[in-house]
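A quick write-up on the structure given underneath.
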Amino acid sequence: MHVTVEVGTQLDPDVEWPAGAALSMPAGQPVQLMIFLSHPHQLEIEAVTTPPTQFAWVDGEHAGVLLYRLGPILSWSQVPYSSHLSEDGPAGVGPDPVVQIVLVDRDTNTVKALHAVRWPEEFAATVRASVARMRDTPFSRFSYEHVLAGLHRRYPTPEDLLTDRIDAHCTATPIPGSP
């Protein structure tokens, strides 16, 4: 799922991209958060590069959830994660915790916005440890789906997770010169 992109480029139309968002954490590469929206509004496009860029992490043992809020206008969103579902080889958060955020118009597969930020080390360490533990635990699709269903049942919105369940929270730092 990890791809190299530039604003204005079109993603491979033969690949079935997910609805909503996708998260990849290939070891030794930046974390990549890809957000797929149908005809994104200009405010959604601008939010990708407008501070603050906030993140929160939930460790559900067999699944992680990354919550994110881009800019001051958009509400919190979330994307599930399992190191076992990665198509990019071994998963992990590297020593330089850079996150590349990619906004894609899912109707045209066109990259509309791109931005890179850096997680603070304390937040990155929490995610790194969670992903490493997840990677070292045998995968069970049932356990993964059970954790996500339980989190959704108990915390139906991202805001509910933020209030009652997160393991770490941060405001990321923009990387100078990033698009």
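The values are calculated or read from the model by the stated rules, or taken from the named source; none is laboratory data. Because the structure is a prediction, the values reported are computed rather than measured. Cβ atoms come from the backbone with ideal geometry, glycine included; neighbour counts cover every protein chain shown. Protein only, heavy atoms only, side chains kept; ligands, DNA and RNA dropped before computing areas. Shrake-Rupley method; radii C 1.70, N 1.55, O 1.52, S 1.80 Å.
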Odd one out for T49 among (1) open to solvent by 50 Å² or more (accessible area, probe 1.4 Å); (2) closer than 21 Å to F139 by Cα; (3) of a type outside the set (D, E): (2)
Residue within the range 160-174 that is touching a residue at least 60 places away in the same chain (Cβ under 8 Å), over 15 Å from the mean Cα position of the chain (by Cα) and farther than 17 Å from D59 by Cβ present: yes
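Examine the range 111-125 for a residue that is among the β-branched types (V, I, T), open to solvent by 10 Å² or more (accessible area, probe 1.4 Å) and within 18 Å of H169 (Cα to Cα), and state whether such a residue exists.
Applying the first criterion (among the β-branched types (V, I, T)) to the range 111-125 yields 111, 117.
Those left that are additionally open to solvent by 10 Å² or more (accessible area, probe 1.4 Å): none.
Looking for residues that are among the β-branched types (V, I, T), open to solvent by 10 Å² or more (accessible area, probe 1.4 Å) and within 18 Å of H169 (Cα to Cα), one finds none in the range 111-125, hence no.
Only one residue in Q29, Q42, Q10, Q78 is without any contact (Cβ under 8 Å) to a residue 24 or more places away in the chain and either over 28 Å from D136 (Cβ atoms) or open to solvent by 60 Å² or more (accessible area, probe 1.4 Å) (or both), so which one is that?
On the way: Q29 fails: without any contact (Cβ under 8 Å) to a residue 24 or more places away in the chain; Q10 fails: without any contact (Cβ under 8 Å) to a residue 24 or more places away in the chain; Q78 fails: without any contact (Cβ under 8 Å) to a residue 24 or more places away in the chain.
That would be Q42, the only listed residue that is without any contact (Cβ under 8 Å) to a residue 24 or more places away in the chain and either over 28 Å from D136 (Cβ atoms) or open to solvent by 60 Å² or more (accessible area, probe 1.4 Å) (or both).
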Number of the condition not met by T173 [criteria: (1) part of a loop (DSSP other than H, G, I, E, B); (2) open to solvent by 20 Å² or more (accessible area, probe 1.4 Å)]: (1)
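One residue is enough: does the range 131-142 have a residue meeting the conditions open to solvent by less than 20 Å² (accessible area, probe 1.4 Å) and touching a residue at least 40 places away in the same chain (Cβ under 8 Å)?
Taking the range 131-142 and keeping what is open to solvent by less than 20 Å² (accessible area, probe 1.4 Å), we get 131, 134.
Next cut, touching a residue at least 40 places away in the same chain (Cβ under 8 Å) only: 131, 134.
Yes, that holds for at least one residue.
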